[in-house]
Structures are given as structure tokens and as C-alpha cells.
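Before I ask anything, here is the structure I am working with.
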Amino acid sequence: MNTLIGVFLVLGLMILVHEWGHFIVARLFGVRVDVFSIGFGPRLFGWKRGATDYRISALPLGGYVRMAGQDLSEIDSGNVPPTGAPDELTSKPRWQRALISFAGPAVNLILPVVLLAGFFAIKGFPYPTYLDKPVVITGLPAASPLAKAGVSDGDRVLAVNDIPTSTWSKVESILSQTPATGNVRLSVEHQGATKSVELSTADIRTVDRVLGNVPAPALVGRVEGNKPASRAGLKRGDLIVSVNGTPIAGWFEFFDAIRQSNGQTMNTVVRRDGKEVTVAIQPIQDKDEEGKTVWRIGVGRGIEWSFRPMSLTASVKEATDETVDGTGKLLGVIGRLFTGKLSVRQLQSFVGIAVQAGQAVQEGPVDVIQLMAMISLNLGILNLLPIPILDGGNILLLAMEAIRRRDFSLAFKERFVQVGFVFLLVLFAYVMYNDVVRLLPSHS
């Protein structure tokens, strides 16, 4: 049920707004829209309003808008040849047709700002509850300049640049606003005395966990199906107590234990429903988000959320910043795919997204909103890639026709679309195959 709800919220709505973008701009330019469909294949049910048949179709893997006079090169057997009527798509100038193609991805790129801003303004800005805790140093890396200055675990950060810092949230806020160059002065309580330590901002940005581990509880969140954690019996909501006899105080200690396991069995004690349970987890090597091979067990961090009230103006700004940041990360992923630094096997099809959607529904509204924003951003950017059959491919074709000042032949357009269709079909089948294999019990 969680998966069905997640698919409707995450995929259904994202596809709906994408097609709505095409529909609105088409109508704005006076193009008659014959069909607005959610899904492909046979019509299940719907209604007709004006010239448009609004329908739900059998295969809920996408959707489409069929406009009057679309080329025969479009993959839709219901199209009819253009007659030259003024309300047909092919009767409109190329720039209008390009804008109609661009409108779907554009709405997907705008939607994350709307979703996130609305959520922040209504519910508040979500942040991990542990950020309200005082800054007590734990797990300080030997490479940290604080360690070299004599700071040790158990010390407490009292101020940054003479500004009192009672919580991790306050420290992170100040450090995030420091100039790119210069120094930062910390007041630290060390063995009952206060000492001053200076750090360069370069160290803050380059040294991993410069203040040690944040006090995030070792709480298990998402558990990937058919991965070592799920096979060992680890469950969402488990609190990690120890690994191989070593106490685990927080999530990042557990994270380090996984990364440094070298594939050895992790005898893990967890607290579940007030009782301690032991599970044996065998890490496997897999690619992380940056394409690096690391030891993994297939779990995500569970987060206890708190919410900070935020004005509408601040909500829009924060949502815009997060959307821009997410766009940059997605473009980086696409770049790594094309350069071979990231394997196509790590992509997800409808199957993988459906699983993620179900998990997000289980986790709560923060995860659902974040996943919806992420999927919408993916739809917007990927549809703008210059691949035949995608919106970006159609825009490319129109641009090429504009440069040569005449249309390509129908045969060329059909071949152009067929190449893209076959490419995406093969890619989709390969990605879906990997999704299914990951769910099979025999997969390691």
C-alpha cells in the first residue's frame, strides 16, 4: 500500500504536471489538444471537455499530450496527418513549437521550488533534532586541526568568532557563512579551562568532520531489499548499540565501522522494541553516490526531525537554493555517466523508483516531499537532453530546421525518433533488469 501511494504521489503527480506544462502552453498558442493522457496504452476511463479527451490509460509508466496535427513521426498510433488547419501544431511557428516542448521540463524544474517552499512555509524548515544539542567533541579525526591544537573528545565548543554557540545548529550556521579565506576563532572548554583555537577556513572546507562527529543517533532508517542489512534482519527503527563488541555512540561511528570492515562479518547489537537483538551483517563492495567502490550494507540513516518556522520569503529563497544545488548535483551525475565514472547499473527504472517511493511514504512527509522534488528535477533535466523522442530532442530538431530554413523530410523525422525510441527502450529494459535483479534473493 505504501508503494502504491508513493507511486501515485511521486510519479503520478510529477508526470501530470509535466504534461500539464505542455498542455497549457499549447492552448496558449491556440493549438488544439485532442488527448491528455496519464499513462500509455488502451484508454481505461476519462471524460471529454471541449475538444480534449482527458483519460487514464492502462500503463501508468508515463503520459502524453496529443495535439492536433502532430507529425506521424510521433510514437502514438492515434495521430492523423496534419491538414494545415490553423489550430494544428505544425501550423505554428517553430519557436512556438519549441516553447511547447520546453514547457513540460520547465514546469518540472519550477515544481521543486513550489513544493519545498510551500512545505517550509506551512510546516517549517526540517532539520535533524540532534542539531539542538550542545557541541561536545566526539570522534575527532587525528587529521583535524583541532586535534593538532590539543582539543580532544569531550571538549565543548562555547563560541565561534566570539559569538556564543549553544548548539550544533548555531555552529554550522556561523561556519557556513564564513568567508572563503581567513581564519575562524573557536573558544573551547578543555579540561575545565577555556582555550582559544584558530582554524583557517580552508581547513574547515577540506578536512572531513573538522569538529568530529555530529551527535546523530545510530538509528536505522531505510533498509534496501536484498542487501546485507535486510538479509541479516536489520529493521527500520533499530538503534545500533555495538559492532563486534565496540560501543556505537552515533551514526557516523556505525558508518565508519561499515567502511572499515574490509568485508568482515559485523556482529551488530541493536535495540528493538526495548530489547537487544544481535544480527550478523556481511558487508559487500558496491559503488557509492560518487561512483567510488566502498563497503556497504544497504541502509540509510534514520532521522528524527524538528521544524523551524520560516516566512514565505525565506521559504522561497531556501527552496530555490536547494533546487539549484540539486540541479548541480544531477548535472554532475549525468557528467559522470557520460565519462564512464558512474555505471549505468546504478540508475533506477520505474521499479526502483516505486520501491523508493514506498519507503519515502513509510519514512514520513519530509522524505516524500524531498523525493517528489528530486524526481521532478530529474524529469525536467533528463527530458531536456538532446535525445530523439525526448523534449530536448524535439527542440534540437526544430533548431536544426530553423538553421537550414526548411523542414526535414517525414522519413528523416521518423528515423530520428526511431533511433531515440530504440535507445531509450534498450536503456529502460537494461535498467529495469538491474532493478529486478537487485530485488531477487539470489543477488549479492
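Within the range 213-247, find all residues whose amide N lies under 13 Å from a label point positioned 7 Å from the Cα of residue 265 along Cα-to-beta-carbon.
Label zone hits: 232, 244.
May I pose another question? Rank 210, 312, 274 by how far each Cα sits towards the positive end of the charge dipole of the range 188-333 (+1 on Lys, Arg Cβ; -1 on Asp, Glu Cβ) and give me just the farthest.
Checking the options against the dipole of the range 188-333, the answer is 274.
Now, a different point. Leaving out ligands and nucleic acids, and using a 1.4 Å probe, what accessible area per residue does the range 116-167 come to in Å²? It would help to have the intermediate numbers written out before the result.
Details: 2320 Å² over 52 residues.
Here the per-residue accessible area is 45 Å².
Using the Karplus equation 6.51 cos²θ - 1.76 cosθ + 1.60 (θ = phi - 60°), what ³J(HN,Hα) coupling, rounded to whole Hz, does each residue of the range 241-255 give in order, writing x for Gly and Pro?
9, 7, 10, 6, x, 8, x, 10, 8, x, 4, 6, 5, 5, 4
Moving on. Tell me which residues come under 5 Å, amide H to amide H, from residue 238 once H is placed; ignore anything under 5 positions away on its chain.
When sequence neighbours closer than 5 places are left aside, the close amide H contacts are 220.
In nm, what is the difference between 0.36 nm times the number of residues separating residue 339 and residue 412 and their Cα-Cα distance? Walk me through the numbers on the way to the answer.
On the way: separation 73, 0.36 × 73 = 26.28 nm, distance 2.94 nm.
Length gained, residue 339 through residue 412: 23.3 nm.
Net charge around residue 217, counting only other residues with Cβ within less than 12 Å of its Cβ (Lys, Arg = +1; Asp, Glu = -1)?
On the way: positive: 133, 271, 301; negative: 238, 253, 304.
That sum, taken over residues with Cβ under 12 Å, equals 0.
From the cross-link list 133/275; 227/275; 148/317; 287/413; 170/329, which pairs have alpha carbons spaced over 29 Å apart?
On the way: 133/275 26 Å; 227/275 24 Å; 148/317 38 Å; 287/413 39 Å; 170/329 26 Å.
Check vs 29 Å cut-off fails for 148/317; 287/413.
If packing is taken as the mean number of other Cβ atoms within 10 Å per residue, what is the order of 31-37, 52-58, 94-100, highest first? Walk me through the numbers before you get to the answer.
Working: 31-37: 20.6, 52-58: 16.4, 94-100: 18.7.
Peptide ranking by packing, descending: 31-37, 94-100, 52-58.
Quick one, can you get me the convex hull of the C-alpha atoms of the range 204-269 expressed as volume per residue in Å³? Mind showing how you got there, number by number?
Numbers: hull volume 7.2 nm³, N = 66.
For the range 204-269, the hull spanned by Cα atoms encloses 109 Å³ per residue.
Express the carbon and sulfur contribution to the solvent-accessible surface of the range 116-217 as a percent, rounded to the nearest whole number, probe 1.4 angstrom. The partial results should precede the final answer.
Values: 2610 of 4950 Å².
About 53 percent, which is the carbon plus sulfur part of the accessible surface.
The values are calculated or read from the model by the stated rules, or taken from the named source; none is laboratory data. Note that the coordinates shown come from a computational prediction; the quantities given were computed from them, not determined experimentally. With ideal geometry, Cβ positions are generated from the backbone for all residues, glycine too; neighbour counts draw on all protein chains shown. With ligands, DNA and RNA removed, areas are computed over all heavy atoms of the protein, side chains included. Shrake-Rupley method; radii C 1.70, N 1.55, O 1.52, S 1.80 Å.
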